[in-house]
Amino acid sequence: ATDYRSSWAVGAGMSRRFGSTRLYASTEWYAAVDRFQVIAVPDDPTESGRLTQELGSVFNGGVGFEHVVNEDVSVYGAFHTDFSASLGDPDVNVAVSDWDLYHLSGGVSFRLRDNRFTLGASWATGSETRPLDATVPPETVPGAGLGSDVQIHYSKVTFLLGFVFGS
């Protein structure tokens with residue numbers, strides 16, 4: 001049998017115009033989820049036959065702006081967080097990652113004749129320190145760093161091209 005539970009969440013957002021510029025802000029909070037069994041192998045009563053999950057409470061937020069230069073051109077930018085609810089414990093983590101990510105984005109939207117184009121880019125970054133699990137006892141390979149902490153860095157750049165013809 002399988003079971004999956006997700007947390008309940010509360011979010012809020014707002015925007016406010018200041019002349020040709022509009023500012024945006026949003027926030028969201030996800031409740032913690034107590035430990036539960038996602039799946040168990042029926043004929044395996046050991047811990048290796050069980051997959052469990054537990055999630056911590058998470059608070060994320062973001063801010064952004066859009067500035068209208070003229071009726072044909074506007075620029076925008078934003079920053080938001082994407083923090084993980086993972087507890088960092090491999091015994092209760094079926095999540096894809098346990099990294100806390102930070103996103104920075106920006107771009108421009110412009111009209112060319114009857115067509116509208118958007119060009120933008122987004123950069124996400126984060127890191128995590130965790131022990132390097134050794135499949136062999138660390139003392140069997142001296143100096144290899146088995147069992148020590150490793151720093152994992154995540155970075156991703158995304159480019160955006162949007163268009164509307166005949167608008």
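The values are calculated or read from the model by the stated rules, or taken from the named source; none is laboratory data. No experiment lies behind these values; they were computed from the predicted model shown. With ideal geometry, Cβ positions are generated from the backbone for all residues, glycine too; neighbour counts draw on all protein chains shown. These area figures cover heavy atoms from the full protein model, side chains too; ligands, DNA and RNA do not enter into them. Shrake-Rupley method; radii C 1.70, N 1.55, O 1.52, S 1.80 Å.
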Worksheet item: Which cross-chain or sequence-distant (5 or more) residues have an amide H under 5 Å from the amide H of D100, H modelled 1.01 Å from N in plane?
Response: S84, S127
Practice prompt. Taking the Cβ of T81 as the centre, find all other residues whose Cβ is under 11 Å away and add up their charges (Lys, Arg: +1; Asp, Glu: -1).
Written response: -3
Response to the item:
Per the 1/(1 + (r/R0)^6) rule, R0 = 25 Å and r from the Cβ atoms of Q37 and L104, FRET efficiency to 0.05 is 0.05
Item to complete: Just subtract the alpha-carbon distance of V150 and S26 from 0.36 nm times their residue separation and send over the number in nm, one decimal.
Response: 41.3 nm
Discussion item. Take F159 and L119, extend 7 Å from each Cα along the Cα→Cβ direction, and tell me the distance between the two endpoints in nm.
Written reply: 1.0
Worksheet item: What is the extension gain from R111 to V68, computed as 0.36 nm multiplied by their sequence separation minus the C-alpha to C-alpha distance, in nm to one decimal?
Response: 14.3 nm
Worksheet, complete the sentence: Phi-derived 3J(HN,Hα) across the stretch 70-85 with the Karplus relation (6.51, -1.76, 1.60, θ = phi - 60°), rounded Hz, x for Gly and Pro, is 7, 5, 9, 9, 9, 10, 8, x, 7, 9, 8, 9, 9, 7, 7, 8
Discussion item. Given the whole protein assembly as supplied and a 1.4 Å probe, what does the accessible area of F163 come to in Å², nearest 10?
Written reply: 110
Worksheet item: F65: net charge of surrounding residues, Cβ under 12 Å, Lys/Arg +1, Asp/Glu -1, itself excluded?
Response: +2
Worksheet item: Could you sort D98, D82 by accessible area so the largest value comes first, with the probe set to 1.4 Å?
Response: D82, D98
Worksheet entry | Percentage relative contact order, the stretch 76-126, counting C-alpha pairs under 8 Å, at least six apart | 36
Worksheet entry | Carbon plus sulfur fraction of accessible area for the stretch 1-118, probe 1.4 Å, in percent | 56
Worksheet item: To the nearest 10 Å², what's E54's accessible area with a 1.4 Å probe?
Response: 50
